[in-house]
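Engineer: Below: one structure in structure tokens.
Values quoted throughout were computed directly from the atomic coordinates according to the rules given, and no laboratory measurement underlies them. Only a predicted model underlies this, so the values are computations on that prediction, with no experimental measurement involved. Because the Cβ atoms are built from the backbone with ideal geometry, glycine has one as well, and the counts that use them run over all protein chains shown.
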């Protein structure tokens, strides 16, 4: 006698794509995607290694900052990625809220980008603080740029907390998307704060909006450019993994619910 | 070189490395859990399903083959 109940069979059929992940054929779409993501991770790693090598051993010290200028090859890149991450979270949230493009995938993407963005914001604040101690003589000051960046960090932590409030998935996603739009208001404020208010923080090193000058040249400029590219690749790699994890977590909760319901139906029958 | 520079690089790269490793480990664990939760048991698989053999823990012994055959007879 076959013991499988019909609903359980349906659940197994629906989850066939997940269950079969261990028996993927060599040329399948998922293995191709996995290879692409692995290649992305490898390029990111190589880029960061070269950036560190150039930044710490090849580029010359600065006339004013001396060797402390070497923090230039990580700190601005971290801040740049922070802007990209929140930009993606903002766009994904708009796409989720727009009825014609609404898809749970945009909600997952917004959540993933915001979480990775929070990590990069935290690192921007910490590396900035480490740089500020020897150059400004203090770990922290209530400078407009620093204050608005700290506010940004707290706002997106709040956004991640909002995402964890239990409830109906559609309501939760809509609520989160609105929270992401509100949090994003602070992003342009952070960027323009050095222009709007008197700030201890220097103006942009590349293409200063006031003077139109670029203050780095030669190997320093190339290393700075490489740091932006490398950390952007690191961000993309992290984003892909965080996004996949988010999809898997949802699938897992769906599967557990389906199995629990099937068992319950079996008990009732 | 200044300890501040070393600290900046170690904190930034170390945090990203730990965060990235955690994401990969969590993703793999989630895949394994889903696979385990959705994998049909031996009784739910058709007799000609190759997974039935794959799902068997360890080498197939005479006793196991006999047991499997007994189950097929019961099904009939």
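Engineer: Helix A:104-136 versus the longest principal axis of chain A: what is the Cα-based angle in degrees, 0 to 90, to the nearest 10?
Structural biologist: Once rounded, one gets 30 degrees.
Engineer: Of the peptides A:189-201, A:237-249, how do they stack up when ordered by the mean number of other Cβ atoms within 10 Å, highest first?
Structural biologist: Answer by packing, highest mean first, reads A:237-249, A:189-201.
Engineer: Next up: Take residue A:210 and residue A:181, extend 7 Å from each Cα along the Cα→Cβ direction, and tell me the distance between the two endpoints in nm.
Structural biologist: Inter-label distance under the simple model: 3.5 nm.
Engineer: Across peptide A:229-239, what mean number of C-beta atoms from other chains lies inside 10 Å of a residue's C-beta?
Structural biologist: 2
Engineer: OK, next. Go ahead and estimate [θ] at 222 nm for chain A from helices alone: -39,500 (n - 2.57) per DSSP H run with n ≥ 4, summed, over the residue count, rounded to 500.
Structural biologist: My calculation for chain A gives -25000 deg cm²/dmol from helical runs alone.
Engineer: Report, to the nearest 10°, how far helix A:144-163 tilts away from the longest principal axis of the Cα atoms in chain A, using its own Cα long axis and a range of 0 to 90°.
Structural biologist: Orientation of helix A:144-163: about 0 degrees from the principal axis.
Engineer: Now, a different point. Averaged over B:24-37, how many beta carbons belonging to a partner chain fall within 10 Å of each residue's beta carbon?
Structural biologist: 6
Engineer: Okay, moving on. Pull out the extension gain between residue A:65 and residue A:35, defined as 0.36 nm times the separation in residues minus the alpha carbon to alpha carbon distance; nm, one decimal.
Structural biologist: 6.6 nm
Engineer: Next question. With no solvent and one equal point scatterer placed on each C-alpha of chain A, evaluate the Debye formula and give log10 I(q)/I(0) for q = 0.07, 0.13 Å⁻¹, two decimals.
Structural biologist: Taken in order of the listed q values, log10 I(q)/I(0) reads -0.36, -0.97.
Engineer: Also: Among A:82, A:220, A:261, which comes first, then next, by fewest other beta-carbon atoms within 10 Å?
Structural biologist: Fewest-to-most ranking of A:82, A:220, A:261: A:261, A:220, A:82.
Engineer: Per residue of A:112-120, how many C-beta atoms from partner chains lie within 10 Å of its own C-beta, taken as a mean?
Structural biologist: 2
Engineer: Tell me, A:187, A:116 in order of fewest to most beta-carbon neighbours within 10 Å? Kindly include the intermediate steps, with their values, before the conclusion.
Structural biologist: On the way: A:187 20, A:116 30.
Least crowded to most crowded, the residues run A:187, A:116.
Engineer: If each residue's Cβ is checked for other Cβ atoms within 10 Å, how do A:107, A:51 rank with the fewest at the top?
Structural biologist: Ranking A:107, A:51 by Cβ neighbours within 10 Å, fewest first, gives A:51, A:107.
Engineer: Please give the FRET efficiency for residue A:263 paired with residue A:150, using the beta carbon to beta carbon distance and R0 = 56 Å, rounded to the nearest 0.05.
Structural biologist: About 0.70, to the nearest 0.05.
Engineer: To the nearest 10 degrees, how steep is helix A:186-196 against the longest Cα principal axis of chain A, on a 0 to 90 scale?
Structural biologist: 10
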